[in-house]
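Below is one structure, written out as structure tokens; the observations come after it.
The values are calculated or read from the model by the stated rules, or taken from the named source; none is laboratory data. This is a predicted model, so every value here is computed, not measured. Cβ coordinates were reconstructed from backbone atoms using ideal geometry, including for glycine residues, and neighbour counts include every protein chain displayed. The area values use the complete protein model at the heavy-atom level, side chains included, leaving out ligands, DNA and RNA. Shrake-Rupley method; radii C 1.70, N 1.55, O 1.52, S 1.80 Å.
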Amino acid sequence: MAAMVVAAPAAAQVPMTTETYFGHVDRFCLGAGGDPALAIAAAEAEGWIAAPQAMIDEIVNPNAPEAAVRLSGPADAAPARLILTSSPPMAGHEGVKVRVCMVEPAPASAIEEAALTALVEARLGLAAAILPVWAFSGTGPYVDRTELMLGGMEAMADHAATEPVYMLNLMPTEDGTPALGLLRLGE
């Protein structure tokens, strides 16, 4: 997922707070269950705009041939970005696709990793599994799926044939700002 993060031009702006950032992740990724159409609808309802095709083309690759990007403001203002990708079905797991929903914070955002972790754990009702990653299923209450994650992608894909499995990853952007990406396996 970290390869999906593309640098945005720097510009002077008000930094995004941890709470504001998490609110976007909650509404667009968690609340939409990793569904790209629902995430786009939620973002556009809040005024987020479609990114230029060139920005989308930088993200598209053989592992993520479907991509969409929405921007929180004008493209030249270094906005936050909602990045959505979908993979082809996984080999050996018909119908199990991998979708990623990530909100990349605006540059110079004031996001605190400890506060972000606390917000995630409060929302999910689950502690991070390992390496600030939460593995779960359901839409609330969430079910801890750490054992599937520890079993590898095959175990997760097998389970995802009957119920989507999610991994929420906390990782730094190119400038070191903490960011969250939601990976969804399954329909």
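Worth pointing out:
- Kirkwood estimate for region 68-123, i.e. one over the average of 1/r between Cα atoms, Å: 13.8
- Average accessible area per residue (Å²) across region 129-171 - probe 1.4 Å, nucleic acids and ligands excluded: 46
- Distant-in-sequence amide contacts of Glu112, defined by a placed amide H-H separation under 5 Å and a gap of 5 or more residues or a different chain, comprise Thr18.
- Theoretical ellipticity at 222 nm over the chain - DSSP helices of four or more residues, -39500 (n - 2.57) apiece, nearest 500: -7000 deg cm²/dmol
- Fraction of accessible area attributable to carbon and sulfur, region 82-187 (%, probe 1.4 Å): 60
- Equivalent ellipsoid, region 15-96 (semi-axes from 5 times Cα gyration tensor eigenvalues, Å): 24, 16, 10
- Of the residues Ala41, Ala80, Ala135, the one that moves most in a GNM of the chain with alpha-carbon contacts below 10 Å is Ala41.
- Whole-Å semi-axes of region 147-187's equivalent ellipsoid (Cα gyration tensor): 25, 11, 6
- Dimensions (Å) - region 49-99, Cα atoms, principal axes, largest first: 43, 16, 12
- Heavy atoms of Leu183: accessible area, 1.4 Å probe, square angstrom to 10: 30
- Size of electric dipole in region 54-145: Cβ of Lys, Arg +1 and of Asp, Glu -1, about Cα centre, debye, nearest 20: 260
- Of the labelled figures (i) 1, 8, 13, 16, 15, 12, 8, 5, 4, 3, 3, 3, 3, 3, 2, 1, 0; (ii) 1, 7, 14, 17, 16, 14, 12, 9, 6, 3, 0; (iii) 1, 8, 18, 21, 22, 16, 9, 4, 1, 0, only one reflects P(r) over Cα pairs in 5 Å bins from 0, in percent as derived from the coordinates, namely (iii).
- Given charges at beta-carbon only (K, R positive; D, E negative), |dipole| of the chain in Debye: 140
- Leading residue at positive end of dipole, the chain (Cβ point charges), from Tyr21, Ile83, Ile49: Ile49
- Distant alpha-carbon pairs in region 123-170 (separation over 17 angstrom), percent: 25
- The chain: relative contact order as a whole-number percent, Cα under 8 Å and 6+ apart: 23
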